[in-house]
C-alpha cells in the first residue's frame, strides 16, 4: 500500500530559529502533496497545496513567508517554519496524493509535533 | 464549495454496542468521501472511501459506510465496538471543484466503555 514517511516525529526548537519537516512518499509518485496543521482536539486545517516543480498554493490566512514549502521531486515535499515562535507550536501533518484519486486516495504521514520554546 | 459536517463531537458507546458516527456532506457534484481514524499523536489512517462505485462501502477493522445521495449522508457504522476503536474519527470530502483538496469535518471522538 501507499506509504508516506514524515520526519521528524517531534521537534523542540528555540524561538527565532527555523525548523524543516520532510514528507516522503516511499512507494509511489505523489503528484500533489498537502500540508495541514492541527491544534489539540481540533480538526485538520489545510495550510497549502504543492505540486511537484511548481510553487505552493497557500490557503487564505497562511503566511507563505513563514511557512516555506518546497516540492522538488515527485517523492519529497518539505515544510520549513521560519523564525518560529511559540504560537507556531502545533501538530503538522502532510498528505500525498497520486492520480487517480479514486484508486489511490490520500495517504497521510504520521505527523510532526513542533514545540517552540 | 464542498463541505462536511459531523454531528456530535463526542460519542460514547459500550463495548460490543453498535457504533454510529454521522457525516453529512454538501456538494453540487458527486463527491469522493472518506473516513479516517486518528489515534493520539499520530497521523490519519484511511478506514474507507466512496468513489462513486458501490454505495455501501466496507472498510478496515469491521467499519462500513453507506452513501445516501437523497440524505447527503455518509454515516460510519460498526456492529460491535471494541476498546481499540476509541479514537478520533474524521469524515472528509474531495471533488473536482476543490482542486483536489481534501476537506475535513470537525471530527468525532469515540469513547468505548468496558
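Computed from the coordinates by the stated procedures, all read-outs in this text should not be read as laboratory data. Small disclaimer: the values here were computed from a predicted structure and weren't measured. Positions of Cβ are generated from backbone atoms using ideal geometry, with glycine treated the same way; all protein chains shown enter the neighbour counts.
Cα gyration tensor of region B:14-114, axes a ≥ b ≥ c as square roots of the eigenvalues: rounded (a/c below 1.5), prolate (a/b > b/c) or oblate?
Here region B:14-114 falls in the prolate category.
Apply 1/(1 + (r/R0)^6) to the Cβ-Cβ distance of residue A:82 and residue B:10, taking R0 = 30 Å, and write down the FRET efficiency to the nearest 0.05.
That pair, residue A:82 with residue B:10, gives E of 0.25.
In nm, to one decimal, how far is the modelled label at residue A:70 from the one at residue B:1, with both set 7 Å along Cα→Cβ?
In this crude label model, residue A:70 to residue B:1 measures out at 3.1 nm.
Fewest Cβ neighbours within 10 Å first, please rank A:45, A:33, B:83 accordingly.
Ranking A:45, A:33, B:83 by Cβ neighbours within 10 Å, fewest first, gives B:83, A:45, A:33.
Compute the Cα gyration tensor for region A:27-78, then decide on rounded, prolate or oblate, letting a ≥ b ≥ c be the square roots of its eigenvalues: rounded whenever a/c is under 1.5, prolate when a/b is larger than b/c in the other cases, and oblate in all that remain. Can you show the working numbers first?
On the way: a/c = 2.58, a/b = 1.47, b/c = 1.76.
Oblate, because a/c is 1.5 or more while a/b does not exceed b/c.
Pop the C-beta distance of residue B:39 and residue B:64 into the FRET formula with R0 = 25 Å and round what comes out to the nearest 0.05. Can you show the working numbers first?
On the way: r = 20 Å, r/R0 = 0.81.
Efficiency at R0 = 25 Å is approximately 0.80.
Describe numerically, in nm with one decimal, the distance between label points set 7 Å from Cα along Cα→Cβ at residue A:110 and at residue B:84.
1.7 nm
Could you tell me which of rounded, prolate or oblate describes region A:38-111, using a ≥ b ≥ c as the square roots of the eigenvalues of the alpha-carbon gyration tensor, with rounded for a/c under 1.5 and, failing that, prolate when a/b is larger than b/c and oblate otherwise?
Note, shape of region A:38-111 comes out oblate.
Let's test the formula: R0 of 22 Å, r as the Cβ-Cβ distance of residue A:12 and residue A:41. What FRET efficiency results, to the nearest 0.05?
0.55
Residue separation times 0.36 nm, minus the C-alpha to C-alpha distance between residue A:89 and residue A:59: what's the value? Provide the component values of the computation, followed by the final result.
Details: separation 30, 0.36 × 30 = 10.80 nm, distance 1.87 nm.
Taking 0.36 nm per residue and subtracting the Cα distance, the gain is 8.9 nm.
What spacing in nm lies between the two simple spin-label points modelled at residue A:3 and residue B:111, each 7 Å away from Cα in the Cβ direction?
3.6 nm
Which value at 222 nm does the protein assembly as shown reach when only helices count, each DSSP H run of 4 or more adding -39,500 (n - 2.57), with the total divided by all residues and rounded to the nearest 500 deg cm²/dmol?
When only DSSP H runs of four or more count, the value is 0 deg cm²/dmol.
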